[in-house]
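Report on the following structure.
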């Protein structure tokens, strides 16, 4: 790939990382925390002429106020005085409006609860010097009445301290002694000023970590006054733009990744400029842009904060807000934009994109819903949970489903990948049918017939004999995929079919499955995650494709197997059954929707596999029918046509 923007400017990288991480800081203070960063972004937005950054500063300030608590110290560096000073500064500079006496009332009352006469630390950052400076700024604030923010007892206590304490060791604070008395007597006003702040308390180090060192390092950046060194405009000067957005995850290596590739190929023929955005990317901690074959690839890093450290709804809200701020240097609301989202937790991303780009359209594809994965698609269980929303064991499912509904409400168009999914969206989520389009998956037909001789050569290459009967399963090794059930069924079949072999392709931990086939380990091959070429070669030498998933919206692997002429055995209660049209084009295993029914489900799978292994004519019939089903319904050409008709033309 050709790198179209070389990120050699470390300052820009630092600012981008800060945008993604600042909301997760626990330090609320002025020097290193959120308050200081709010000031930084207010100035930064004005300097680079990007209102998104100024708005971001306001949102950070709201977070500061939400998170203030009585356990905070009163000092300037980390505590209440620094936060209050920052608010006075933002109002004084015209970054925010309001009466600071009202805004800071609670902070001032908390500060007055600490007796200054008992303080021994006289320093500016952590001690009495900073408190005096804050009080001077507050007393100097313009107000319409004579009511002061601090009571007379507290102010008199400060006067006593100033006259009695020895500030000689704090040379930079000598001005406080005289100025405080003058301010107290109404003879002088002291305005909050960053230059004065860092003259009194100079930066302690010249760092390269804006996130941890905060405003004192950020101010050095801003003092350069050179917007060109601090900001890059990446606007893509195209009239019509299609943004395909996903997050880096294990599923991106499987079904969702395949889906994105199909969309990419389809969109290349359109008059839209295509940009693929990968969020929480491991490729960068900031923002990276590349271009290949007229497609832009944008990677945006994740956060240093782990999602488990806070409420997941709050986590995504803050992360996506940072993402949209970064995208403001790339996307303009004047363009004709379509944003295609591919994760069900992207509600806040959809809302902010829509707010910032009101003329744009939001599309989402429902690849899966969390409740269906957890309950194996059992709608009876879901009905019970929804009628008992406060039960502790089920509350998460109810909360996630409601978030999913809000997400889809924010979208202009929803793509269902199966009739099964379409019905769920209407019946359970209450989405109007007019807002949903049904577009089943499609893949490019890469089938190439091979001779018996070539098949045997390929078998030999992979360590199989010409008379072996090969079952193949592909997908992540996890309970949902039913690979453990296949291992149990295979162990029962091996005595009846001495030439039977099993190939399991896919990532994940195979330990639990391996234990089930310990006595037959020479007949089972765990090949791990393999590339498409290798996978298709394995399909070409196999006899039966087995996908014993307990739940799946609509599996790409089943389509690939049918494309390659493999007869397939699939689980019910999912889109897999829809692919084979309830048994017309493949065999369906009648699984029970319960992880606790593993024994019964393994027996059911054994019965279906036994049937297809005994009947050569059935296998040949399903080979032919499955291949015909793929060609007539799931070839990429049908997907592309439906996508244009039902998405591009409608929007």
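A short reminder: the numbers here are calculations on the coordinates, not readings from a lab. Just so it is clear, the structure is predicted and the values come from calculations on it, not from any experiment. A quick note on method: Cβ atoms are made from the backbone with ideal geometry, for glycine too, and the neighbour counts reach across all protein chains shown.
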Highest to lowest packing among 361-373, 27-39, scored as the average C-beta count within 10 Å: 27-39, 361-373
Segments 319-328, 120-129 sorted - mean Cβ within 10 Å per residue, highest first: 319-328, 120-129
Directionally averaged shadow of the range 241-438, computed from the convex hull of its alpha-carbon atoms, nm²: 11.7 nm²
The chain, helix-only ellipticity at 222 nm - DSSP H runs n ≥ 4, -39,500 (n - 2.57), divided by all residues, nearest 500: -14000 deg cm²/dmol
Gain upon complete extension [residue 270, residue 392; 0.36 nm per residue less C-alpha separation]: 39.0 nm
Counting DSSP beta bridges with both ends in the chain, the antiparallel % (nearest 5): 10 percent
Theoretical gain in end-to-end length, residue 444 to residue 456 [0.36 nm per residue, Cα-Cα removed]: 1.7 nm
Peptides 294-301, 389-396, 61-68 ordered by average Cβ neighbours within 10 Å, highest first: 294-301, 61-68, 389-396
Whole-number D in µm²/s for the range 452-634 (Stokes-Einstein; Kirkwood sum over Cα pairs; 4 °C, 1.567 mPa s): 80 µm²/s
Stretch gain in nm, segment residue 224-residue 624, where the contour uses 0.36 nm per residue and the Cα spacing is subtracted: 136.9 nm
Zero-based 5 Å bins, Cα pair distances in the range 404-491, whole percents: 3, 10, 12, 11, 10, 13, 12, 9, 7, 7, 6, 0
Angle between the chain longest axis and helix 128-140 axis [Cα atoms, degrees, rounded to 10]: 80 degrees
For the range 50-176, alpha-carbon Rg over 2.2 N^0.38 Å: 1.10
At q = 0.15, 0.25, 0.27, 0.31 Å⁻¹, base-10 log of I(q)/I(0) for the range 147-192 (Debye sum, equal scatterers on each alpha carbon): -0.42, -1.03, -1.12, -1.22
Efficiency of FRET from Cβ geometry, residue 306 and residue 187, R₀ 60 Å, rounded to 0.05: 0.70
Cα-based equivalent ellipsoid, the range 525-611: semi-axes from gyration tensor eigenvalues, Å: 22, 15, 13
Rounded D (µm²/s) - the range 576-651, Kirkwood Rh over Cα pairs, Stokes-Einstein at 10 °C, 1.306 mPa s: 107 µm²/s
Efficiency of FRET between residue 159 and residue 370 - r from beta-carbon atoms, R0 60 angstrom, step 0.05: 0.45
Relative intensity, log₁₀ I(q)/I(0), of the chain from a Debye sum that treats every alpha carbon as a point, q = 0.08, 0.11, 0.12 Å⁻¹: -0.73, -1.07, -1.19
FRET efficiency, 1/(1 + (r/R0)^6) with R0 41 Å, evaluated for residue 26 and residue 603 via beta carbons: 0.15
Interatomic Cα distance distribution for the range 14-58, bins of 5 angstrom, percent: 6, 24, 33, 26, 9, 2
Overall Cα dimensions of the range 471-529, principal axis frame, Å, largest first: 29, 16, 15
Nearest-ten-degree value, helix 616-633 long axis tilted from longest Cα axis of the chain: 50 degrees
Label-point gap, in nm, between residue 595 and residue 146 - each point 7 angstrom along Cα→Cβ: 7.2 nm
With 10 Å bins from 0: P(r) over the range 1-228, alpha-carbon pairs, percent: 7, 33, 34, 18, 5, 1, 0
Ranking of 516, 409 by count of other Cβ atoms within 10 Å, fewest first: 409, 516
